[in-house]
Amino acid sequence: MILEDDVLHSLCSAGNVVALTGAGISAESGVPTFRGADGLWSKLKPEELANFDAFLRNPELVSEWYKHRREVTRVVKPNAAHYALVEMEKIYPHFTLITQNIDNLHRRAGSVNVAELHGNIERNYCLGCGKRYDGKDLDDNSPFRCSKCGGLIRPDIVWFGEMLPLDQWEIAEKASENADVMYVIGTSAVVYPAAQLPMAVKRNGGAVIEVNIEETPVTEFADASFHGPASEILTQIVEKIKEKISEEPK
Ligand code: BV8
Ligand code: ZN
């Protein structure tokens, strides 16, 4: 990976730094992505599963799908890319991690300042009374009925056509508007409104650094695009930043 001096300098001197992650950062942990060749949605159609109407039409099917995905995310582990972002949070004065992922791997790796735009697969709530349920409380029956009111329990995840959690979105928007640098990692950048954040950074004069195994709509306006597995690329970037910072006179 070639990290030009001017890019490295901008990465080292950045004060406000943001990372936007998608399913690709968890791919090397063994969590299937959505749109890749072996992606979740190559077999199933999102409209059949990741939306509220589908859930009301067939709560068993959708509940089982999320139960299966919870089981997958529990056995996998964060990979070097997640840990590289934990390191970044220590290096940079202000670091905000914005994730589209629902797999909880960033928090399990140790990231603290995390905005979860699309929810979290371990969180669930009752449609009837709002009672909250942890994923582990649900795993022996589906569809999941509320013990308090008998209502249907759904995952606390943002489905297509649903609003993103306002508090998380506001954190993400504000961090992106003030960012000196945004790392865009492992996302196909096709799902809105998350996909508009890199352009917001660019518009406000920040640098956009893409890490992906293939080109995406971000590639054409990124200040630098590194094509390769996030675990390798991010580990190398963090090492080079640490090296450069250690050379600087105290
Ligand atoms: C909303 C939760 C508004 C469920 C998800 C037409 C045009 C534009 C927009 C729209 C439109 N029609 C509808 C919309 C809006 C819609 C949208 O954007 N649709 C898209 C598909 C066209 N958005 C919404 O509905 C959002 N809500 O807009 O509400 C509103 C306004 C008023 C009132 C009410 C509502 C809600 C969006 C959230 C949907 N929920 N998931 C679940 O997960 O089960 S989206 C789903 O896609 C995931 O959350 C995921 O995070 C997200 C994005 O996918 P990626 O993370 O990018 O994953 P993907 O597989 O696509 O890509 C992986 C990438 O990693 C690839 O690039 C690959 O190359 C790379 N990679 C792989 N391995 C590696 C790697 N990179 C590095 N290293 C590796 N090793
Ligand atoms: Zn209830």
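Among the strands (runs of 3 or more DSSP E) lying completely within segment 137-214, list those that include at least 2 residues that are away from ligand 1 (no atom under 16 Å from the Cβ), buried (at least 18 other Cβ atoms within 10 Å of the Cβ) and not hydroxyl-bearing (Ser, Thr, Tyr). Break it down stepwise before answering.
Values: elements: 153-157, 181-185, 207-212.
Filter on segment 137-214 gives an empty set.
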- Using beta carbons and a limit of 7 Å, which pairs, at least six apart or on different chains, have the first residue in segment 148-169 and over 15 Å from GLU122 (Cα atoms) and the second one more than 6 Å from ligand 1 (Cβ to nearest atom) and among the aliphatic types (A, V, I, L, M)? GLY151/LEU127; LEU152/LEU127; LEU164/LEU117; GLN168/ALA115; GLN168/LEU117; TRP169/LEU117
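Residues being surrounded by fewer than 17 Cβ atoms within 10 Å (Cβ to Cβ) and of a type outside the set (A, V, I, L, M, F, W, C): count how many of those fall in segment 84-124. It would help to see each step written out before you state the result.
The initial filter retains those residues of segment 84-124 that are surrounded by fewer than 17 Cβ atoms within 10 Å (Cβ to Cβ), namely 90-91, 93-94, 108, 110, 112-113, 123.
Within this subset, residues satisfying the condition of being of a type outside the set (A, V, I, L, M, F, W, C) are 90, 93-94, 108, 110, 113, 123.
So the answer is 7.
Listed here are the residues, each with its yes/no results for (1) closer than 30 Å to VAL17 by Cα; (2) in contact (Cβ under 8 Å) with a residue 24 or more places away in the chain; (3) within 15 Å of ligand 1 (Cβ to nearest atom); (4) part of a loop (DSSP other than H, G, I, E, B).
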residue	(1), (2), (3), (4)
GLU60	no, yes, no, no
GLU64	no, yes, yes, no
LYS67	no, yes, yes, no
TYR83	yes, yes, yes, no
LEU97	yes, yes, yes, no
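Would you please name the residue that is modelled with the highest pLDDT, looking only at residues in segment 1-15 that are in a loop (DSSP other than H, G, I, E, B) and surrounded by fewer than 17 Cβ atoms within 10 Å (Cβ to Cβ)? Spell out how you get there, then give the answer.
Of all residues in segment 1-15, those in a loop (DSSP other than H, G, I, E, B) come to 1-4, 14-15.
After this cut, where a residue has to be surrounded by fewer than 17 Cβ atoms within 10 Å (Cβ to Cβ) as well, the list is 1-2, 4, 15.
On the way: MET1: 71, ILE2: 73, GLU4: 80, GLY15: 93.
In this case the residue turns out to be GLY15.
The values are calculated or read from the model by the stated rules, or taken from the named source; none is laboratory data. Everything quoted here is computed from the prediction, not taken from an experiment. Cβ sites come from the backbone with ideal geometry, for glycine too, and all protein chains shown count toward neighbours.
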